[in-house]
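A.B. asks: I have a structure I would like to understand better, so I am pasting it below and will then ask my questions one at a time.
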Amino acid sequence: MLLIGTNDLCAEMGIHGDFGNERVAAAYGAMIAAARKHGRFPGMAGVYSETIMPRYIEIGARFVLGGQDAAFKAAGAAQRTGFLRKLPVGAA
């Protein structure tokens, strides 16, 4: 696998967080071409926007990190907290 860490790439390019930037798209195109040439899977990390992810998947990203673990934990904690807040208090 050949993977782009898109947060790191954007930081190096001086365009922090601009995952849809044309320079990022060009880097993905070059990486995907190189991965295919050498029989590797092209990978994507750091892009978790549901509007931007499909762009890189459509051009060939195949190993896709779908999110960041801290965000998954926070979402699970928020869901559990919502459930607990709906429970009746003082029912004993």
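The values are calculated or read from the model by the stated rules, or taken from the named source; none is laboratory data. All values derive from a computational prediction rather than experimental measurement. Quick reminder, even Gly has a Cβ in these numbers, built from the backbone with ideal geometry, and neighbours come from all protein chains shown. With ligands, DNA and RNA removed, areas are computed over all heavy atoms of the protein, side chains included. Shrake-Rupley method; radii C 1.70, N 1.55, O 1.52, S 1.80 Å.
A.B. asks: State the Cα centre-to-centre distance between the stretch 1-17 and the stretch 28-74 in whole Å.
C.D. replies: Cα centres, the stretch 1-17 to the stretch 28-74: 12 Å.
A.B. asks: Just reorder Y28, Y48 by solvent-accessible area, largest first, 1.4 Å probe, all chains present.
C.D. replies: If we order Y28, Y48 from most to least accessible, we get Y48, Y28.
A.B. asks: Something else about it: With each run of n ≥ 4 DSSP H residues scored as -39500 (n - 2.57), what mean residue ellipticity at 222 nm is computed for the chain after dividing by its residue count and rounding to the nearest 500 deg cm²/dmol?
C.D. replies: Computed ellipticity for the chain at 222 nm equals -16000 deg cm²/dmol.
A.B. asks: Right, something else. Counting only heavy atoms of the protein chains, get the accessible area per residue of the chain (1.4 Å probe) and round it to a whole Å² value.
C.D. replies: Result: 68 Å² of accessible area for each residue.
A.B. asks: Right, another one. Report the relative contact order of the chain, percent, no decimals, based on alpha-carbon pairs under 8 angstrom and at least 6 residues apart.
C.D. replies: In percent, rounded to a whole number, it is 28.
A.B. asks: Also, I was wondering about something else. With the chain treated as a Gaussian network of Cα nodes joined by springs under 10 Å, which of G14, G82, G66 yields the largest mean-square fluctuation?
C.D. replies: It is G82.
A.B. asks: Using a probe of 1.4 angstrom, how much of the accessible area of the chain is carbon and sulfur, in percent?
C.D. replies: Result for the chain: 59 percent of the exposed heavy-atom area is carbon or sulfur.
A.B. asks: Follow-up. Order E22, E50 by their accessible area, 1.4 angstrom probe, all chains in place, largest first.
C.D. replies: If we order E22, E50 from most to least accessible, we get E50, E22.
A.B. asks: Arrange the residues V64, V47 by how much accessible surface each exposes, largest first, with a 1.4 angstrom probe.
C.D. replies: Sorted by accessible area, descending: V64, V47.
A.B. asks: Next question, about the same structure. Please give, to one decimal in nm, the separation of the simple spin-label points placed at E58 and K73, each 7 Å out from Cα toward the Cβ.
C.D. replies: Label at E58, label at K73, 3.5 nm between them.
A.B. asks: With viscosity set to 1.002 mPa s at 20 °C, what whole-number translational diffusion coefficient in µm²/s follows for the chain from Stokes-Einstein and a Kirkwood radius over Cα pairs?
C.D. replies: 142 µm²/s
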